[in-house]
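Novice: Before I ask anything, here is the structure I am working with.
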Amino acid sequence: MILNKKKSAVVEFLPRASSNLIKSKEIQGIPIEPKYKYLGLWLNQKLTLDDQIAHIKKKSDFIKNSISPVLSSRSLDYRKNLWDLFIRPLFEFTLPVDFVETAKTRKNNLRKTLKYTFKCFTKLSKTTPDSLIFELCGYDIDKRGKDIYELQTAKWESRLQNWRDPNFINNIQQDRINNELEAFRELTDEEAKLEIEGLEAEEAKEEAPINRCKWIPAVGIEYINLLTKLCSKCSYKVIMDTNHLRTVHDLHLPDPLELFQEVQKRIRQPGTTRIEKLSQAYTRIKEKVDMVYHFLA
Ligand SMILES: [Zn+2]
């Protein structure tokens, strides 16, 4: 086999505590590199995500800077969509490596990077609680990694089975169809209809994770950022979150996620136009933001 020397490289993979065994700089004209980008993922000699993380940060900063004029007054919803489009795919590549990574600092590093990029895109303050960031961004590295791992393992196992028995997949599929048909034969038409609707609803739920930023305008970001500031009415250093405002100052405000959820539920009413939805969401959240400003005045 002849390799294209311009498009190939050799990477010597090593256990974490070892150093290079190959001392030369090339093998038959193919360069030996400390890292290489393969199918969108930067792989280094120790199979850590350090290089991919650096790549994600660089790319995220670059994209953010080039679109920041467009971003300035954009809604939380719009900003999350941009993050989904540009940044989320970069994390997808990291999942298989992260899943088998055992070093805690390295695992933390990846999660920190996720928070960093999401804050960059949304302009949420540095002190925003982690749990809120993860809810808003809707990307759970652990869960997603586990899903991918299980899917790949199942694929691999069925492939192995398939090599031994070419009808393996067909047989499984046929069995499944037979079982489902058997179950349906016992149902009345009405029951079958309900059953199908239930299955469809479940499928839809699995495919589309809840978007907690849906319909949330820029004022939603302002609300979160106000509630992560230090309280200027107290003489000691304390974050002015909803709990503090309620217990110390008797000011009752909803948690951002609760408020967003309430807004989303309310505007889901049929017949509401897009403009109406946006203006309803704005009015409802602005009301709460003004309550904080009124308290601070
Ligand atoms: Zn206070």
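Novice: In the range 229-238, what residues are more than 9 Å from the ligand (Cβ to nearest atom) and within 14 Å of L296 (Cβ to Cβ)?
Specialist: K229
Novice: In the range 176-197, is there at least one residue being part of a helix (DSSP H, G or I), touching a helix residue (DSSP H, G or I) at 6+ places or on another chain (Cβ under 6 Å) and polar (S, T, N, Q)?
Specialist: Looking for residues that are part of a helix (DSSP H, G or I), touching a helix residue (DSSP H, G or I) at 6+ places or on another chain (Cβ under 6 Å) and polar (S, T, N, Q), one finds none in the range 176-197, hence no.
Novice: Taking K7 as the residue in question, decide whether it is of a type in the set (D, E, K, R), free of Cβ contacts under 8 Å to residues at least 40 places away in the same chain and loosely packed, with under 11 Cβ neighbours inside 10 Å.
Specialist: yes
Novice: All but one of (1) in contact with a helix residue (DSSP H, G or I) (Cβ under 7 Å, 6 or more places away or on another chain); (2) assigned to a helix (DSSP H, G or I); (3) of a type outside the set (K, R) hold for T128, so report the exception by its number.
Specialist: (2)
Novice: Moving on to the next point. Check off (1) closer than 17 Å to E135 by Cα; (2) away from the ligand (no atom under 16 Å from the Cβ) for L194 and give me the number that stays unchecked.
Specialist: Status for L194: all satisfied but (1).
Novice: Next question. Sort through R274, R246 and tell me the only one that's within 16 Å of the ligand (Cβ to nearest atom) and surrounded by fewer than 14 Cβ atoms within 10 Å (Cβ to Cβ).
Specialist: R246
Novice: Next up: Taking the range 121-137, which residues are surrounded by fewer than 16 Cβ atoms within 10 Å (Cβ to Cβ) and of a type outside the set (D, E, K, R)?
Specialist: Answer for the range 121-137, where residues must be surrounded by fewer than 16 Cβ atoms within 10 Å (Cβ to Cβ) and of a type outside the set (D, E, K, R): S125, T127, P129, S131.
Novice: Follow-up question, since we're still on this one. Conditions first: (1) among the hydroxyl-bearing types (S, T, Y); (2) in a helix (DSSP H, G or I); (3) farther than 15 Å from R212 by Cβ. T102 passes all but one, so which condition is the exception?
Specialist: (2)
Novice: Exactly one of these conditions fails for D51: (1) out of contact with any Phe, Trp or Tyr (no Cβ under 6 Å at 6 or more places or on another chain); (2) among the charged types (D, E, K, R); (3) surrounded by 15 or more Cβ atoms within 10 Å (Cβ to Cβ). Give me its number.
Specialist: So the condition that D51 fails would be (1).
Novice: Same structure, new question: For K265, all conditions in the list (1) part of a loop (DSSP other than H, G, I, E, B); (2) of a type in the set (K, R); (3) more than 16 Å from the ligand (Cβ to nearest atom); (4) without any contact (Cβ under 8 Å) to a residue 40 or more places away in the chain hold save one; what is the number of the exception?
Specialist: (1)
Novice: Any idea which of (1) in a helix (DSSP H, G or I); (2) out of contact with any Phe, Trp or Tyr (no Cβ under 6 Å at 6 or more places or on another chain); (3) at pLDDT 80 or above is the one R79 doesn't satisfy?
Specialist: It is condition (2) that R79 fails.
Novice: Please name all residue pairs, on different chains or six or more residues apart, with Cβ atoms under 8 Å, provided the first residue is in the range 275-290 and is polar (S, T, N, Q) and the second residue is surrounded by fewer than 17 Cβ atoms within 10 Å (Cβ to Cβ) and not in a helix (DSSP H, G or I).
Specialist: Pairs found: Q280/T272.
Novice: Let me ask you something else. Given the criterion at pLDDT 95 or above and either of a type in the set (F, W, Y) or at negative phi (or both), identify the matching residue among I275, I216.
Specialist: I216
Novice: Here's something else I'd like to know. Kindly indicate whether I67 is over 22 Å from G145 (Cα atoms) and of a type in the set (V, I, T).
Specialist: yes
Novice: I'd like to verify a number: residues in the range 236-276 that are under 19 Å from H294 (Cα atoms) and of a type in the set (S, T, N, Q), how many?
Specialist: 3
The values are calculated or read from the model by the stated rules, or taken from the named source; none is laboratory data. For clarity, every value in this text was computed on a predicted model and none was experimentally measured. As a convention, Cβ positions derive from the backbone with ideal geometry for all residues, glycine included, and neighbour counts pool all protein chains shown.
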